[in-house]
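K.L.:
After the structure tokens below, expect a handful of questions from me.
The numbers here are math on the coordinates, done by the rules we state, and not lab data. Bear in mind that the values here come from a model prediction, so they are computed numbers and not experimental data. Here the Cβ positions follow ideal geometry from the backbone for every residue, glycine too, while neighbour counts run over all protein chains shown.
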Amino acid sequence: MRNCGKKSGFILLLIVLFLTATGCEISMPFAKKNTSEQISNLSASSVFLDNSEIRSQTISLLNRAKKAIYIELSALDDPEIIDLIIKRSHEGVEIKILLDQWQRENAQTVKKLKNQNISVQYYPAQKGQYHRLRYMVIDYQVAMFYGQDWLQKYANTRSIAIRLTGDTAWNLAKSFTKDWEYTTTLTLELPDSIDLPEDNITFALNGNVKQQILYAIKQATTEICAEVEQISETETVEALIAAKQRGCKVRLILSPSCAEATPNTIKAFKEAQIEVRYYDPADTEKINFNIGIFDNKTLIISSSSWSYRTFVINHEGSLSIPSPQVVNKIYSVFERDWQNSSPA
């Protein structure tokens with residue numbers, strides 16, 4: 001029996017060494033925080049909710065870049081920002097851009113940028129798969145994580161952007177280099193390390209977005225508030241219902257389109273006595289963000305709705321931010337939208 005144990009341990013060691021050698025990551029980013037509650041020092045002033053302010057911050061960061069600008073978006077057609085990107089490239093700043101190949105706005109953008117020798121590529125998504133990541137990294141150490149794309153049609157909408165100056169900015173830079181290498185097979189040269197303070201923010205990609213959200217739902221003990229375009233992924237729906245059954249107050253603000261798109265989910269929420277409202281504002285007050293607030297302690301912002309497509313098919317991302325200051329700011333926005341919403 002002891003020989004069997006040694007043999008099993010040896011086999012496990014070989015598997016771990018193989019995965020490490022092939023570049024696979026072995027991590028449990030959500031479970032690791034069980035031992036002690038982590039708090040982020042991200043301030044409320046790092047959260048932007050007005051689209052004109054988000055755009056102004058973006059332009060300011062683009063102008064401040066000295067070495068490199070990495071941009072990952074679904075779509076881009078803002079002419080002023082495009083011209084500024086070209087200007088900064090001509091001034092010697094390294095610029096790399098990844099966009100979604102299925103968004104029609106990108107055709108003219110990519111053509112114009114390539115004509116100016118800007119390194120812009122389409123993320124190699126398969127048919128039916130969309131590239132929904134939205135962030136920018138400046139000089140490897142400052143980043144903006146966005147709730148919506150840089151499009152002219154969104155000029156008057158409400159969205160969200162998070163400014164990051166801690167180690168999550170560096171993590172986004174490293175994530176971009178992986179996506180760039182996957183897209184082009186070319187390796188970007190990064191500094192060996194960047195000395196940034198730990199911000200206790202967790203960045204999740206693809207399938208880990210679902211795990212991040214599920215973990216937050218299952219850990220919640222008092223209240224869950226979510227303002228999301230759609231919630232339809234089966235495990236997520238079941239987890240919210242289970243949270244309600246164990247005594248959590250659960251309030252959801254969804255798009256009115258859910259009444260026809262996901263009627264069975266809405267019915268299940270109502271039967272579980274989960275409060276659901278629809279936010280249907282004027283065009284100038286449309287919302288382009290997907291957020292969850294858990295126990296009034298943690299904010300999760302995801303790049304898209306909480307659906308099967310988001311969690312399984314698309315290229316998506318999310319941030320989990322355990323910051324009381326940030327949560328208080330977003331909670332007040334949720335309460336205002338709750339009052340301006342209509343019962344489902």
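K.L.:
Where the centre of each part is set by its Cα atoms, how far does segment 110-182 sit from segment 262-330, in angstrom?
P.N.:
Value for the Cα centre distance between the two parts: 21 Å.
K.L.:
Go through S341, P191, L205 and say which Cα lies farthest out towards the positive end of the charge dipole of the chain; charges sit on Cβ, +1 for Lys and Arg, -1 for Asp and Glu.
P.N.:
L205
K.L.:
HN-Hα J couplings of segment 331-342 from phi, Karplus 6.51/-1.76/1.60, θ = phi - 60°, integer Hz, Gly and Pro as x?
P.N.:
With coefficients 6.51, -1.76 and 1.60, one gets 4, 5, 5, 4, 4, 5, 5, 4, 5, 8, 9, 10 Hz.
K.L.:
Something else about it: If the only charges are +1 at each Lys and Arg Cβ and -1 at each Asp and Glu Cβ, what is the size of the charge dipole of segment 224-344 around the Cα centre, to the nearest 20 debye?
P.N.:
Values: 12 positive and 15 negative charges, 75 e Å.
I would put it at about 360 debye.
K.L.:
Turning to a different aspect of this structure: Say the cut-off is 32 Å between C-alpha atoms; which of K153/K329; K87/K210; K96/K127; K127/K270; K127/K174; K66/K111 go over it?
P.N.:
On the way: K153/K329 26 Å; K87/K210 39 Å; K96/K127 24 Å; K127/K270 35 Å; K127/K174 26 Å; K66/K111 25 Å.
In this structure, K87/K210; K127/K270 lie more than 32 Å apart at Cα.
K.L.:
I need the phi-derived Karplus couplings for segment 270-280: 6.51 cos²θ - 1.76 cosθ + 1.60, θ = phi - 60°, integer Hz, Gly and Pro marked x.
P.N.:
5, 5, 7, 6, 7, 6, 10, 10, 10, 9, 10
K.L.:
Give me D139, D50 ranked fewest to most by other Cβ atoms within 10 Å of their Cβ, as a rough exposure proxy.
P.N.:
On the way: D139 19, D50 13.
Neighbour counts put them in this order, fewest first: D50, D139.
K.L.:
May I pose another question? Summing +1 for each Lys or Arg and -1 for each Asp or Glu, what net charge is found among the other residues whose Cβ lies under 11 Å from the Cβ of A259?
P.N.:
On the way: positive: K267; negative: E260, D280.
Neighbour charge sum, excluding A259 itself: -1.
K.L.:
For K249, which aspartates and glutamates qualify as cross-link partners when the Cα separation must be under 18 Å and same-chain residues fewer than eight apart are set aside?
P.N.:
Hits, sequence-local ones excluded: E223, E227, E238, E271, E275, D295, E335, D337.
K.L.:
Simple spin-label model, 7 Å along Cα-to-Cβ: L84 to V312 in nm?
P.N.:
4.0
K.L.:
Can you tell me the FRET efficiency between T184 and N156 if r is taken as the Cβ-Cβ distance and R0 is 51 Å, rounded to the nearest 0.05? Please report the intermediate quantities before stating the final value.
P.N.:
Values: r = 36 Å, r/R0 = 0.70.
Approximately 0.90, to the nearest 0.05.
K.L.:
Taking the DSSP beta bridges in the chain as the whole, what percent of them are antiparallel, to the nearest 5? Walk me through the numbers before you get to the answer.
P.N.:
Working: 34 of 57 bridges.
Once the DSSP bridges in the chain are tallied, antiparallel ones form about 60 percent.
K.L.:
Starting at 0 and stepping by 10 Å, how many percent of the alpha carbon pairs of the chain end up in each bin?
P.N.:
Pair shares across the bins are 5, 24, 33, 23, 11, 3, 1, 0.
K.L.:
Right, here's the next one. Based solely on its DSSP helices, what 222 nm [θ] is calculated for the chain when runs of n ≥ 4 H residues each add -39,500 (n - 2.57) and the sum is averaged over all residues, nearest 500 deg cm²/dmol? Spell out each step's value before the answer.
P.N.:
Working: 10 runs with 128 residues, N = 344.
Theoretical 222 nm ellipticity from helices: -11500 deg cm²/dmol.
K.L.:
Quick one: of the DSSP bridges fully inside segment 202-343, what percent are antiparallel, nearest 5?
P.N.:
Details: 19 of 29 bridges.
Of those bridges, close to 65 percent are antiparallel.
K.L.:
Exposure proxy check: E335, E260, E94 ranked by fewest other beta carbons within 10 Å? Working shown, then result.
P.N.:
Details: E335 12, E260 8, E94 15.
Fewest-to-most Cβ neighbours within 10 Å comes out as E260, E335, E94.
K.L.:
Turning to a different aspect of this structure: I want the local charge near S60. Using Cβ-Cβ distances under 12 Å, sum +1 for each Lys or Arg and -1 for each Asp or Glu among the other residues. Working shown, then result.
P.N.:
Values: positive: R55, R64, R163; negative: E53.
That sum, taken over residues with Cβ under 12 Å, equals +2.
K.L.:
Give me F294, F203 ranked fewest to most by other Cβ atoms within 10 Å of their Cβ, as a rough exposure proxy. Before the final figure, lay out each step's value.
P.N.:
Details: F294 26, F203 23.
Lowest count first: F203, F294.
K.L.:
Give the aspartates and glutamates reachable from K67 as a straight Cα distance under 13 Å; neighbours fewer than 8 places away on the same chain don't count.
P.N.:
E91, E94, D139, E189
K.L.:
Ok, one more. If you put +1 on each Lys and Arg Cβ and -1 on each Asp and Glu Cβ, how big is the dipole of the chain around its Cα centre, in Debye rounded to 20? Don't skip to the end; give the middle numbers.
P.N.:
Values: 38 positive and 39 negative charges, 154 e Å.
That gives the chain a dipole magnitude of about 740 debye.
K.L.:
Antiparallel versus total DSSP beta bridges in segment 46-184: what percent is that, nearest 5? Show your work: numbers first, answer last.
P.N.:
On the way: 15 of 26 bridges.
The antiparallel proportion sits near 60 percent.
K.L.:
Got a sec to turn the phi values of segment 297-302 into Karplus ³J(HN,Hα) couplings, 6.51 cos²θ - 1.76 cosθ + 1.60 with θ = phi - 60°, whole Hz, x for Gly and Pro?
P.N.:
Ordered by residue, 3J(HN,Hα) equals 10, 10, 10, 10, 10, 10 Hz.
K.L.:
Can you give me the distance in nm between label points at Q38 and A107, each placed 7 Å from the Cα along the Cα-to-Cβ direction?
P.N.:
Those two pseudo-labels are separated by 4.4 nm.
K.L.:
Please report the net charge: other residues with Cβ closer than 12 Å to the Cβ of A204, K and R +1, D and E -1. Could you put the intermediate results ahead of the total?
P.N.:
On the way: positive: K210; negative: E316.
So the environment of A204 carries a net charge of 0.
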